[in-house]
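Every read-out reported here was derived from the displayed coordinates using simple, explicitly stated rules and does not represent laboratory data. Computed from a predicted structure; not experimentally measured. Methodologically, a virtual Cβ is constructed for each residue, glycine included, from the backbone with ideal geometry; neighbour enumeration extends over all protein chains shown.
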Amino acid sequence: MLKTLDILIGATMVLLLFSMAVTVITQAVTSIGGRRGRHLKAGLAGLLQQLGIPTKDYALKIAETVLKHPMVADGKGKLGSVIHREEFTKLLLDFASDQGAKTLDEDSKRALTEVLASNGISDPGQTLKNIRAMALKIEASNPELGNHARDGLAVLHEAGSDFVARVNSWFDQTIDRVSQRFTHYTHWITLCAAVIVVVGVQLDIIAVVDRLSIDDQFRNGVVNKAISDFSTAKLSGDATEPTVDPHPYYNLLNQTGLITLPVNRGWVQQLNDPRKIPGMLMAILLISLGAPFWYNILKDLIGLRSTLAKKDDSQRAQRQATQAGSNGAESETTAAVAAPAWLHGERGDLAAVG
């Protein structure tokens, strides 16, 4: 039972190592390309068109200006990736009043002002001042409320209109769809990164499992190192994120021939081996599940192994104690049986005189 569990721990550890590499590549691609901000920009542009902005170009310009506002942007000139509903409403009023840190071009501003006026907000500047004043009153009277709650109440009290009603009605659904599209996009990036990593090192997960089941020394080395790394992460208080140093494992896998780096000789020849294809395809699918998934699986397997090891040790000690007791009783019985028949029964004192 423990051997099977050790094989699973070893295979899971290998999948975690390469899943970490895939996760790093995915995060780098999405971060460098600013894909989260671009998806949010497209979602807000669709919401603005739903609110009445006449053209997609105007909606995209307004959405981009919102996400590049100093209070929202992720960096200088970078699109923000997070925005709250009340922030969005106040920024639109700010742009229409032309008083903030960011301004719109004349055509986009005119389109936004017309939409606000047709939906019950004729003076965006004064409305924004009223919202700020109401937020201060709410903070003074109810200091226990959070900033998000205060802003929401202030907007509802001072900017109650069809415009705010439509923003509040559509904003959450829009953000949910943006999140769904971004997640779908990330899954494709993760799958492509998994293909690159697996093909790059020629990882055959079937060969890894075979080696773990046959080579006791290799299996024990991987399992003991995994348990040590997990225990260190747990003691440091970081038991939710994969913080394992992968380099010792990479070196071990390379030395045992389970992975082949592109710098190694014969990399192309080994890649042409058709026996690796099933294991590599399986590795791509498993690694694309992500590092957090395999980290949680490894954590559960190591916990189960610890429990089974303690139970096995207690059972072994119990068997040894029982065996020792039965051996003592058996020795006494054997001695009694081995005594000659004439020694049994009553015997006098042979040394007595007279």
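What the table shows:
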item: The range 251-295 shape via C-alpha gyration tensor axes, a/c threshold 1.5; result: oblate
item: Reach of K310 by Cα under 27 Å, taken over lysines that are not fewer than 8 positions away in the same chain; result: K3, K225, K234, K299
item: Under 10 Å, Cβ to Cβ, from Q202 - net charge with Lys/Arg +1 and Asp/Glu -1; result: -1
item: Calculated FRET efficiency for the pair N296/T4, C-beta based, R₀ 22 Å, to 0.05; result: 0.65
item: Reciprocal mean inverse distance between Cα atoms of the range 15-62 - Kirkwood radius, Å; result: 12.6
item: Phi-based couplings in Hz for the range 4-10 (Karplus 6.51, -1.76, 1.60; Gly and Pro marked x); result: 4, 5, 5, 4, 5, 5, x
item: FRET efficiency estimate (nearest 0.05) - Cβ-Cβ, S122 to L289, R0 45 angstrom; result: 0.25
item: Part-to-part distance (alpha-carbon centres) for the range 164-182 and the range 95-118, which is given in Å; result: 22
item: Formal net charge of residues neighbouring F182 (Cβ-Cβ distance under 15 Å; K, R +1; D, E -1); result: +4
item: Debye equation applied to the C-alpha atoms of the range 170-307, log10 I(q)/I(0) at 0.10, 0.14 Å⁻¹; result: -0.45, -0.81
item: Under Karplus coefficients 6.51, -1.76 and 1.60, residue-wise ³J(HN,Hα) of the range 210-220 in Hz, glycine/proline x; result: 4, 5, 5, 6, 9, 8, 5, 5, 5, 4, 5
item: Hydrodynamic radius (Kirkwood) for the range 38-162, which is based on Cα pairs only, to one decimal in Å; result: 14.9
item: Net charge, D107 excluded, C-beta distance under 10 Å - Lys, Arg +1, Asp, Glu -1; result: 0
item: Loop-located trypsin sites (Lys or Arg not before Pro) in the range 31-133 whose Cβ has at most 14 other Cβ within 10 Å (DSSP); result: K76
item: Computed E for L281/Q27 - FRET, C-beta separation, R0 22 angstrom, nearest 0.05; result: 0.35
item: Convex hull volume per residue in cubic angstrom - Cα atoms of the range 161-205; result: 54
item: Three principal axis lengths of the range 50-110 [C-alpha, angstrom, descending]; result: 29, 23, 22
